[in-house]
1. Net charge near Glu25, counting Lys/Arg +1 and Asp/Glu -1 over other residues with Cβ under 11 Å of its Cβ?
2. Find out how many positive minus negative residues lie around Ala65, taking Lys and Arg as positive, Asp and Glu as negative, among other residues whose Cβ is under 11 Å from that of Ala65.
3. Roughly how many Å is it from the Cα centre of region 42-87 to that of region 146-191, as a whole number?
4. Which of the peptides 36-42, 183-189 is most tightly packed, and how do the rest follow, going by the mean number of other Cβ atoms within 10 Å of each residue?
5. Which three lengths, in whole Å and largest first, does region 26-93 cover when its Cα atoms are put on their principal axes?
6. Please compare each pair in Lys33/Lys179; Lys19/Lys179; Lys33/Lys149; Lys19/Lys187; Lys149/Lys195 to a cut-off of 30 Å on the Cα-Cα distance and tell me which ones are over it.
7. By how many nm would the segment from Ser15 to Ser64 grow when fully extended, if each residue of separation counts as 0.36 nm and the alpha-carbon distance is taken off?
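Bear in mind these aren't lab numbers, they're just calculated from the coordinates by the rules spelled out. Since the model is a prediction, treat every value here as computed from it, not as a measurement. Every residue, glycine among them, receives a Cβ derived from its backbone with ideal geometry; neighbour counts consider all protein chains shown.
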Amino acid sequence: MMTESVSRTQGAELSGEEKLARMEEVVWVTQAKLNDSDAFRRLMARYERPLFYFLRKLVPEGESALDLHQEVWVDVWRGLQTLQAPEAFRVWIYKIARNKAARYRRNEFREQLFTESLVENIPSEDLQDEEPVFDAETLHAALATLPLKQREILTLHYLKDLSIDEIGEVLECPAGTVKSRLYHARKALRRLLEKRNL
């Protein structure tokens, strides 16, 4: 059984529109838990594209990602009653997707995935560098060439659905580790993009 914990958004306050969307989502999850299929369809409409994008970055094979995407939504529907905190829904579904992708890759390729790395001591000011702006097509192509660990953390970051704390919950690591991995992944992405622009 999957458990979840609720975390607060770290850093900037949510905008009024974001707060309204979060409140709306809590209502939909609550209704869906009461077997309201319309509320569940609304949740799917909100998350199906970002979830599929996330899965495509972890499992690049198109048909396999599509199959896993469908499996995730079946598991979400079946397991919704176990979700005690409706506000944790978005973290919960990304964890389900990540676990599905990890199982698929272990079964198909016998790879040992998602191992924890040591957190490097990076000065906090180095983690606050300005967010670069990338051409979408170039960004997608560069992301596809990065190692899996860097690909998944950058994908979650650029989808902008989750805070640092929530990404930590999905990846099952502390916020400090998320910041460290994100820092290194962004550096690696910049290097790739610079090479492409030469």
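1. That works out to +1.
2. Values: positive: Arg56, Lys57, Lys100; negative: Glu61, Glu63, Asp67, Glu71.
So the environment of Ala65 carries a net charge of -1.
3. 19
4. Values: 36-42: 14.4, 183-189: 17.6.
Output ranking for 36-42, 183-189: 183-189, 36-42.
5. 35, 19, 18
6. Too far apart for the 30 Å limit: Lys33/Lys179; Lys33/Lys149; Lys19/Lys187.
7. Length gained between Ser15 and Ser64: 14.0 nm.
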